[in-house]
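See below for the structure under consideration.
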Amino acid sequence: MKVELDKITVDKVSFSYRSDDTDGNAGMKKALNSVSAEIERGSYVAILGPNGSGKSTLAKIIDILELPDEGRVVIFGKDAGEDENFWDIRKKCACVFQNPDNQIVGTIVEEDTAFGPENLGVPNPELRHRVEEALKDVGIYELREREAASLSGGQKQKLAIAGALAMHPDVLILDEATAMLDPVSRDEFLEIVERQRKEKSLTIITITHDMTEAIRCEKIYVINKGEIAISGSPQEVFSSGRVGSCGLKQPENYALCYQIARICGEEILPADLASDDTLLECVMRMVPRMVSSFVPAEDSAVTDLSGEVILSIKHLSCSYDGGQNKAIDDVNLDVYRGEVFGIVGRSGCGKTTLVSHLNAILAPQSGEIIIHGKDGILSAGERKDKAKIRRTVGLVFQYPEYQLFEETVYKDISYGLRNLKIPETERRAKVEAAAGLMGIDAEILGKSPFELSGGQKRRVAMAGVLVMEPEILVLDEPASGLDPKGRDEMFRLIAKLRDNGTTVILVSHNMDEAAQNCDRICAIKDGRVQVVAAPAELFADRGKAESMGLDIPKLTQFSNRVKEKLGREIANVNFSEPAFESASEAARIVLAVKKAVKGNA
Amino acid sequence: MLNDISIGRYYRKDSILHGTDPRVKAILYIVYLVAIFIIRTPVALAVLTAVTLLQAVMAKITPRIMWLTVKPVLPIAMFILLINIFTIRQGNPVFTWRIIRITDYGAMRAVLTALRLVFLIISTSILLTLTTTPLKISDALESIFAPLKAIHIPVHEMAMMMSIALRFIPTLVSETDKIMKAQISRGADYDTGSFVSRVRGYITVLIPLFVSSFKRAEELAVAMDARCYHGGDGRTKLNPLKITSRDVLIGLFYGILAIGLVVTDLSLR
């Protein structure tokens, strides 16, 4: 092989890890199978793939955190297999991992930033200079003497990237580094990455589930089942048609165009995907075909909210420091029986505080919560109602899979029933029903929960709450950390729960997700309710949504541009209210164009 | 629920004691530990209180923080006080009722023992945890015990382990809180029921806590590897420890106070 000084070359790399089967027999599992890739110096590369596809392993092999069984990795002319290059390569490649809490070593911000260069033996005053420069680069210099534990999630991840930058790397590897951040922190983080890349000509390798993050890159490798399934520019990858089979999703702007093209029977070329502008051109090109196309009738699944209030919050306020700062401030909400009610806001806006009140983990400091359940009218402030409220309102916290503890899945799911002193004879049927609802196979019930995959664990944890047959189910970020396929499954489950008559309260920082899956949305900012409305109503008037400072779903953002352009070109076009799923939004757009053109003629 | 625990927390301030070399503070800490256990006369106790208050002022620690630090140990101090008061039988009785007999000596000893515990916590906090970041404490220990490296004791590694343990206290406290809340919402009850069932309740909290700690440890190890950690050899320090004349002065000042304290006590017995 030729030595390339300006490339990272991964050549036929295979990697297996030890994985014992359930009977304790030693076995090997292949994570990577003869993977090859070439990454140019200074390029921005994304590695995509479903959970467990081996993409993190590849990143670790590049930084020699794992050694491949077979194959060769050469980084800027240095062979990673040679012992003498080991520290050189580690020095050149810096990593930022997913969980900010598990990569901070120092207690104080600047101490942590210094950890890497200290290990490299960088002497003072250069060391101090590097630390200060790195903290300024990511914009947290003024926090340098703060305790790392007191930072927000977004700030902690900035600290992690500062720690990486202080080592003056050539390559920055981001291993799902934005997965735990809310959309605003995520954008800030990605901006830092892009700016640093330009200023310091860094090579960026990012592993992500976020498709809008992936289209910022120059090249994408899609890994599925340990092999490279697709590679190429984002345009090439997302137009290849095999994206879905690898458990990925198209970014919303691409998806809308594809759906319109599907209705019109048109082709989309990779060149059309270059930017939003080329996408718009592509939509305009299809206008003549829209007129003659057949638009399938939408099943008018208008939710009939009978208006029966199941949960009512009145003037609820809560403060953690005796009234100076309010975590939530005068919240008034009515939740109707049978709806999916979304509570949306940034991290730290008070969402979790609010929902902790709903099943009486926090007692109202002022205001009240009334629940109209089967057990009659319950008030969250009353001590005697506490037990009944916990049975009526089930609460699933974020990352519930970290809270499993029993020897078997069955025991874990039935934990709540045992607390309620429900006899064993009745328990089995209930556990099996809850497991069935969450799509958990009966054979898994006898296994240890710690043997399961992440997605399965989460479903077991949710079944443990569902088994108590709550009338209201509160889900705090149920889809966080899941890959696109896992997310889709999760929301299908939620729809199923709703169809079974459970009232679902969905807490999320992601407006796209909420708009797509909720009947009504409550936007929260700084502990106050900004607005409560159906998503279509919320985003029908673009100016209004923007002036309120709401996050606008990505699909709606792009769709609004499409509609604006169509509105300029075609007289009398009237768009119906927005849909939040690309297929139905596309159908509505095509239908509106069709009507307008026919009317004009 | 558990958020007000402040043992082991660093309290950021710009004070004389915060700026003092952690080795000086560590040695002073041991000196005061010894002094606290030697003294037993009321006069010496009063002097100790005064010295402790002086330290708190020099560390700019507010009464509220002081209270939060002492609060968790008060039940234990109370328990020790009561046990001592009712069990020590020497001395002149000042109060008798049926089998209860409280003596002047017993009361003295009880108060003294309880106060010792309180002073122990306050000294630990003021001289170490509140005013010194965990990394500096471990730097200090590494430096003080450096000679032991000659007999192959892994001083650096032990210091590193300690500082990581301290760094993760707040993280694990908030995690415990989360797990407890999740289990409470599934009908768990930690406050009522028999002793056995309560202990069992805590076990259900500890298991997920352990599991996630192992996961954290694994991820942290990879992250430290990625940041080129390879033990103490050839490491530099952002804030290297340096003893200044001010550190020497503070060390001497409090050292002499401690000796004075012990001498006063011994002479008054």
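Kindly evaluate B:Val43 against the criterion of being surrounded by fewer than 14 Cβ atoms within 10 Å (Cβ to Cβ) and either within 17 Å of B:Thr133 (Cα to Cα) or in contact with a Ser or Thr (Cβ under 7 Å, 6 or more places away or on another chain) (or both). Step through it out loud before you land on a result.
Details: surrounded by fewer than 14 Cβ atoms within 10 Å (Cβ to Cβ): yes; either within 17 Å of B:Thr133 (Cα to Cα) or in contact with a Ser or Thr (Cβ under 7 Å, 6 or more places away or on another chain) (or both): yes.
Yes, satisfied.
Looking at A:Ser480 and the list (1) touching a residue at least 60 places away in the same chain (Cβ under 8 Å); (2) farther than 23 Å from A:Cys246 by Cα, which single condition is not satisfied?
In the conditions (1) touching a residue at least 60 places away in the same chain (Cβ under 8 Å); (2) farther than 23 Å from A:Cys246 by Cα, A:Ser480 misses (2) alone.
Any idea which residue in region B:161-170 is modelled with the lowest pLDDT, counting only those that are buried (at least 21 other Cβ atoms within 10 Å of the Cβ) and either more than 7 Å from chain A (Cβ to nearest Cβ) or more than 26 Å from B:Gly232 (Cα to Cα) (or both)?
B:Ser163
Pick from region A:528-557 the residues that are within 20 Å of the chain's Cα centre (by Cα) and assigned to a helix (DSSP H, G or I): which of them is surrounded by the most Cβ atoms within 10 Å (Cβ to Cβ)?
Step one: of region A:528-557, the residues within 20 Å of the chain's Cα centre (by Cα) are A:535, A:550-557.
Going one step further and asking which of them are assigned to a helix (DSSP H, G or I), we end up with A:535, A:554-557.
On the way: A:Pro535: 24, A:Lys554: 20, A:Leu555: 24, A:Thr556: 27, A:Gln557: 16.
The selected residue is A:Thr556.
State yes or no: is B:Val199 in a helix (DSSP H, G or I), among the β-branched types (Val, Ile, Thr) and within 10 Å of chain A (Cβ to nearest Cβ)?
Values: in a helix (DSSP H, G or I): yes; among the β-branched types (Val, Ile, Thr): yes; within 10 Å of chain A (Cβ to nearest Cβ): no.
For B:Val199, the condition - in a helix (DSSP H, G or I), among the β-branched types (Val, Ile, Thr) and within 10 Å of chain A (Cβ to nearest Cβ) - is not met.
Would you check which residues across region B:130-146 are among the β-branched types (Val, Ile, Thr) and either within 14 Å of B:Met160 (Cβ to Cβ) or buried (at least 20 other Cβ atoms within 10 Å of the Cβ) (or both) and list them?
Once the filter is applied, which keeps residues that are among the β-branched types (Val, Ile, Thr) and either within 14 Å of B:Met160 (Cβ to Cβ) or buried (at least 20 other Cβ atoms within 10 Å of the Cβ) (or both), region B:130-146 yields B:Thr131, B:Thr132, B:Thr133, B:Ile137.
Given the options B:Ile61, B:Ile83, B:Ile76, B:Ile65, name the one that is at pLDDT 85 or above and in a loop (DSSP other than H, G, I, E, B). Outline the logic, then answer.
Values: B:Ile83 fails: in a loop (DSSP other than H, G, I, E, B); B:Ile76 fails: in a loop (DSSP other than H, G, I, E, B); B:Ile65 fails: in a loop (DSSP other than H, G, I, E, B).
B:Ile61 is the lone residue from the list that is at pLDDT 85 or above and in a loop (DSSP other than H, G, I, E, B).
Within 14 Å of another protein chain (Cβ to nearest Cβ) and touching a residue at least 40 places away in the same chain (Cβ under 8 Å): does that describe B:Ile144? Give the steps one after another, and end with the answer.
On the way: within 14 Å of another protein chain (Cβ to nearest Cβ): no; touching a residue at least 40 places away in the same chain (Cβ under 8 Å): yes.
The answer is no for B:Ile144.
Any residue that is touching an Asp or Glu at 6+ places or on another chain (Cβ under 9 Å) and in contact (Cβ under 8 Å) with a residue 60 or more places away in the chain - is there at least one of those in region A:138-152?
There is no residue in region A:138-152 that is touching an Asp or Glu at 6+ places or on another chain (Cβ under 9 Å) and in contact (Cβ under 8 Å) with a residue 60 or more places away in the chain.
Per-residue answers, yes or no, for (1) within 14 Å of chain B (Cβ to nearest Cβ); (2) within 21 Å of A:Val171 (Cα to Cα); (3) surrounded by fewer than 23 Cβ atoms within 10 Å (Cβ to Cβ); (4) of a type in the set (Val, Ile, Thr):
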{"residue": "A:Asp63", "(1), (2), (3), (4)": "yes, yes, no, no"}
{"residue": "A:Glu66", "(1), (2), (3), (4)": "yes, yes, yes, no"}
{"residue": "A:Gly77", "(1), (2), (3), (4)": "no, yes, yes, no"}
{"residue": "A:Asp83", "(1), (2), (3), (4)": "yes, yes, yes, no"}
{"residue": "A:Ile89", "(1), (2), (3), (4)": "yes, yes, yes, yes"}
{"residue": "A:Cys95", "(1), (2), (3), (4)": "yes, yes, no, no"}
{"residue": "A:Leu127", "(1), (2), (3), (4)": "yes, yes, yes, no"}
{"residue": "A:Leu135", "(1), (2), (3), (4)": "yes, yes, no, no"}
{"residue": "A:Val138", "(1), (2), (3), (4)": "no, yes, no, yes"}
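Does region A:150-162 contain any residue that is under 30 Å from A:Gly54 (Cβ atoms) and facing chain B (nearest Cβ under 10 Å)? Walk me through how you get there before you give the answer.
Going residue by residue through region A:150-162, those that are under 30 Å from A:Gly54 (Cβ atoms) are A:153-154, A:156-162.
Of the ones still in play, those that are also facing chain B (nearest Cβ under 10 Å) are A:160.
Yes, region A:150-162 contains at least one residue that is under 30 Å from A:Gly54 (Cβ atoms) and facing chain B (nearest Cβ under 10 Å).
Being among the acidic types (Asp, Glu), more than 26 Å from A:Ser448 (Cα to Cα), assigned to a helix (DSSP H, G or I) and in contact (Cβ under 8 Å) with a residue 12 or more places away in the chain is true for just one of B:Asp247, B:Asp177, B:Asp225. Which residue is that? Outline the logic, then answer.
Details: B:Asp177 fails: more than 26 Å from A:Ser448 (Cα to Cα); B:Asp225 fails: in contact (Cβ under 8 Å) with a residue 12 or more places away in the chain.
Answer to the selection: B:Asp247.
If a residue must be of a type outside the set (Phe, Trp, Tyr), within 19 Å of A:Ala360 (Cα to Cα) and not in a strand (DSSP E or B), how many such residues does region A:315-343 contain? Write out each step before concluding.
Let us first name the residues in region A:315-343 that are of a type outside the set (Phe, Trp, Tyr), namely A:315-319, A:321-335, A:337-340, A:342-343.
Of the ones still in play, those that are also within 19 Å of A:Ala360 (Cα to Cα) are A:315-319, A:326-335, A:343.
From what is left, the residues that are not in a strand (DSSP E or B) are none.
Matching residues across region A:315-343 total 0.
Considering (1) of a type in the set (Val, Ile, Thr); (2) closer than 30 Å to A:Val467 by Cβ; (3) over 16 Å from the mean Cα position of the chain (by Cα), say which one A:Val507 fails and leave the rest.
For A:Val507, the exception is condition (3).
Residue check: is A:Gln155 of a type in the set (S, T, N, Q), buried (at least 19 other Cβ atoms within 10 Å of the Cβ) and more than 25 Å from A:Glu513 (Cβ to Cβ)? Break it down into steps so the answer makes sense when it comes.
Values: of a type in the set (S, T, N, Q): yes; buried (at least 19 other Cβ atoms within 10 Å of the Cβ): yes; more than 25 Å from A:Glu513 (Cβ to Cβ): no.
When the stated conditions are applied, A:Gln155 does not pass them.
Determine which single condition B:Arg101 fails, assuming it passes every other condition in (1) at pLDDT below 85; (2) exposed (fewer than 13 other Cβ atoms within 10 Å of the Cβ).
Every condition holds for B:Arg101 apart from (2).
In region A:515-527, is there at least one residue being closer than 22 Å to A:Val465 by Cα and surrounded by 18 or more Cβ atoms within 10 Å (Cβ to Cβ)? Show your work before the answer.
First pass over region A:515-527, keeping only residues closer than 22 Å to A:Val465 by Cα: A:517-518.
Then keep just the ones that are surrounded by 18 or more Cβ atoms within 10 Å (Cβ to Cβ); that gives A:517-518.
There is at least one residue in region A:515-527 that is closer than 22 Å to A:Val465 by Cα and surrounded by 18 or more Cβ atoms within 10 Å (Cβ to Cβ).
Quick one: which helices (runs of 4 or more DSSP H) lie wholly within region A:355-462 and hold at least 3 residues that are more than 9 Å from every other protein chain (Cβ to nearest Cβ) and touching a residue at least 60 places away in the same chain (Cβ under 8 Å)? Break it down stepwise before answering.
On the way: elements: A:386-392, A:409-419, A:424-437.
Of the helices (runs of 4 or more DSSP H) lying wholly inside region A:355-462, none has at least 3 residues that are more than 9 Å from every other protein chain (Cβ to nearest Cβ) and touching a residue at least 60 places away in the same chain (Cβ under 8 Å).
In the list A:Val344, A:Val331, A:Val355, which residue meets the criterion of being within 24 Å of A:Ser508 (Cβ to Cβ), in contact with a Leu (Cβ under 6 Å, 6 or more places away or on another chain) and either at pLDDT 90 or above or buried (at least 16 other Cβ atoms within 10 Å of the Cβ) (or both)? Before you say what the answer is, go through the steps one by one.
Values: A:Val344 fails: in contact with a Leu (Cβ under 6 Å, 6 or more places away or on another chain); A:Val355 fails: in contact with a Leu (Cβ under 6 Å, 6 or more places away or on another chain).
Step by step, each of A:Val344, A:Val331, A:Val355 is checked, and only A:Val331 is within 24 Å of A:Ser508 (Cβ to Cβ), in contact with a Leu (Cβ under 6 Å, 6 or more places away or on another chain) and either at pLDDT 90 or above or buried (at least 16 other Cβ atoms within 10 Å of the Cβ) (or both).
Identify all residues within region B:171-196 that are among the charged types (D, E, K, R) and more than 10 Å from chain A (Cβ to nearest Cβ); write none if there are none. I'd like the intermediate steps shown before the answer.
Restricting attention to region B:171-196, the residues satisfying the condition of being among the charged types (D, E, K, R) are B:175, B:177-178, B:181, B:186, B:189, B:191.
Across region B:171-196, the qualifying residues are B:Asp177, B:Asp191.
Filter region B:31-58 down to residues that are hydroxyl-bearing (Ser, Thr, Tyr) and part of a helix (DSSP H, G or I) and give me whichever is farthest from the chain's Cα centre (by Cα). It would help to see each step written out before you state the result.
If we filter region B:31-58 for residues that are hydroxyl-bearing (Ser, Thr, Tyr), which is where we start, we get B:32, B:41, B:49, B:52.
From what is left, the residues that are part of a helix (DSSP H, G or I) are B:32, B:49, B:52.
On the way: B:Tyr32: 13, B:Thr49: 17, B:Thr52: 15 Å.
My answer is B:Thr49.
Filter region A:74-112 down to residues that are in a helix (DSSP H, G or I), over 27 Å from the mean Cα position of the chain (by Cα) and β-branched (Val, Ile, Thr), then give me how many there are.
Of the residues in region A:74-112, 1 are in a helix (DSSP H, G or I), over 27 Å from the mean Cα position of the chain (by Cα) and β-branched (Val, Ile, Thr).
The values are calculated or read from the model by the stated rules, or taken from the named source; none is laboratory data. Being a predicted model, the structure only gives us computed values, none of them experimental. Here the Cβ is made from the backbone with ideal geometry for all residues, glycine too, and neighbour counts use every protein chain on show.
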